[in-house]
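Structure first, commentary second.
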Amino acid sequence: MPIYGKTLRIYRTMKKLTQHNVAGQIGISQQDYSKWENTEVVTEEFLERFLQGMQCSKEELQQIQKLHYQQ
């Protein structure tokens, strides 16, 4: 299942983080991170960087995505 940019936004807000916080943790600018939150589907390359920097799993994001899009 692909991960949507909106799912990254949901995860970030659940953790009460700003785009700037997340961007710093994964080593990119806030502007670049914002582009990923606003993209339809994130690439596997970016997803791996996000997962490592945020110390979360793809399964966790998939669960959030599943719950959010069932509503």
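Laboratory data are not the source of any read-out in this text; all were calculated from the coordinates shown. None of these values were measured; they are calculated from a predicted model. Cβ atoms come from the backbone with ideal geometry, glycine included; neighbour counts cover every protein chain shown.
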Practice task
List the helices (runs of 4 or more DSSP H) that sit entirely inside the chain and contain at least 3 residues that are surrounded by 11 or more Cβ atoms within 10 Å (Cβ to Cβ) and either in contact with a strand residue (DSSP E or B) (Cβ under 9 Å, 6 or more places away or on another chain) or among the aliphatic types (A, V, I, L, M) (or both).
Solution key: 5-14, 19-26, 44-54, 58-70
Handout entry: Cβ pairs under 8 Å, 6+ apart, first in the range 44-71 and free of Cβ contacts under 8 Å to residues at least 60 places away in the same chain, second of a type in the set (Ser, Thr, Tyr) and not in a helix (DSSP H, G or I)
Key = Leu51/Ser57
Exercise for the section: Determine whether Gln25 is polar (S, T, N, Q) and without any contact (Cβ under 8 Å) to a residue 24 or more places away in the chain. Expected result: no
